[in-house]
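Below is one structure; the comments refer to it alone.
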Amino acid sequence: MRVLVTGATGFVGSALCPRLVSRGHGPVRALRRAEGSGDGVVVGDIDAGTDWRAALTGCEAVVHLAARVHRMQDGPDAAARYRATNTEGTLNLARQAAGLGVRRFVFVSSIKVNGEGGDAPYREADIPAPQDAYAISKWEAEQGLWRIAGETGLEVVVLRPPLVYGPGVKANFLALLRLVARGWPLPLGAIDNRRSLLYLDNFVDAIALCLEHPDAAGQTFLIDDGVAVSTPDLVRAIAQAMHRPARLLAVPPGVLSLAGALVGRRAAVARLTGSLWVDASLIRARLGWRPPYTLAQGLAATCAELP
């Protein structure tokens, strides 16, 4: 099928487009934001007024990756900015897609729609509990997509991934990789939690299947690598992938939380010490999907290209 991929030059999109071509869906129509940044269709800013006709004409499916992502230094207008791009921009795209005959719309949402974690794994049937402006904008987009699907027959599929890692990963995961690579002792040895992760190649494999499988239509899926790990076990797995020793100090989580509060890093420490994991059994049962790569394989590939 002819597929439009928004966010095609991003971390996930750059891996997804060649995967779709390898599965016979080429050439992929790639969306980019500005002139001079490569091949593809230019649309500019994504909001309620974006004209998608040139990008959508002739396409049978859309994978919507483009989004305003969570930023630590958001200002007082953050909620409006997230809603403009992630909610209104998504729904505008979906309405135009339905009007131009697009059959399937795969929307990449976020596990943060379920919440910020807890002692039990998240499931698709849980009552959503988004807690920040980014997650709320994604949840509002999901609700609007189901309304559009009911009105037009557009086949919507929603994916809620946890943290996605792979070659080229940035932000906190890259910082952790570099700390392990440098052999720095990390005060994480006493943490007893569970975190779900998603390797980039596993993610694009699941997206491609959701484009193709007839039983994916009308579904929301949580996805991960098939195993939830504690923070110290993740550090050990990263160290093993790098062929380095894991240097872990058993500092009580309460002490870490206090230290995080004192230096203004409470949220970052909470992500390291808390649990956020998913039960991804629905996509396995309904679509027969299994992650083609293990956590160890994903970390090995990621560490092999560490900048």
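Values in this text are rule-based calculations from the coordinates and carry no lab data. Quantities reported herein were computed from a predicted structural model and do not represent experimental measurements. Cβ: placed from backbone, ideal geometry, glycine included. Neighbour counts: every protein chain shown.
The value of relative contact order for the chain, using C-alpha pairs under 8 Å at least six residues apart, is 18 percent. Applying 1/(1 + (r/R0)^6) with R0 = 41 Å to the Cβ-Cβ distance of SER230 and ASP51 gives a FRET efficiency near 0.30. Candidates GLY24, PHE107, THR152 compared by Cα position along the dipole of segment 3-160: farthest toward the positive end lies GLY24, with charges placed on Cβ.
Taking the longest Cα principal axis of the chain as reference, the axis of helix 171-181 is set at about 40 degrees. Normalising the average separation of contacting C-alpha pairs (under 8 angstrom, six or more residues apart) by the number of residues puts the relative contact order of segment 45-160 at 33 percent.
Provide the percentage of antiparallel DSSP beta bridges, counting only those with both residues in the chain; round to the nearest 5.
The antiparallel fraction comes to roughly 5 percent.
Treating the angle as unsigned and between 0 and 90°, give the value, to the nearest 10°, between the Cα long axis of helix 295-304 and the longest Cα principal axis of the chain. Value to nearest ten degrees: 90. If a/c stays under 1.5 just call it rounded; otherwise compare a/b with b/c (prolate if a/b is bigger, oblate if not). Do that for the chain, with a ≥ b ≥ c from the square roots of the Cα gyration tensor eigenvalues. Verdict is prolate for the chain. Model label points for SER22 and VAL41, set 7 angstrom from Cα along the Cα-to-Cβ axis, are 2.6 nm apart.
Under 5 Å between amide hydrogens, built in the peptide plane, is the criterion, and for TYR165 it picks out LEU198, TYR199, LEU200 among residues at least 5 positions away or on other chains.
Can you compute the charge dipole magnitude of the chain about its Cα centre, using +1 on each Lys and Arg Cβ and -1 on each Asp and Glu Cβ, nothing else charged? Give it in debye, rounded to the nearest 20. The partial results should precede the final answer.
On the way: 33 positive and 28 negative charges, 134 e Å.
With only Lys, Arg, Asp and Glu charged at Cβ, the dipole is about 640 debye.
Between helix 253-262 and the chain there is an angle of about 70 degrees, using the helix long axis and the longest principal axis of the Cα atoms. A simple rule links phi to the HN-Hα coupling: the Karplus curve 6.51 cos²θ - 1.76 cosθ + 1.60 with θ = phi - 60°, which for segment 116-125 gives 9, x, x, 7, 10, x, 6, 9, 4, 7 Hz, with x for Gly and Pro. Evaluated with a Cβ-only charge set (Lys, Arg +1; Asp, Glu -1), segment 159-279 carries a dipole of roughly 880 debye about its Cα centre, given to the nearest 20. Each of LEU177, ALA54, LEU282 was placed along the dipole of the chain (beta-carbon charges, centred on the mean Cα), and the one lying farthest toward the positive end is LEU177.
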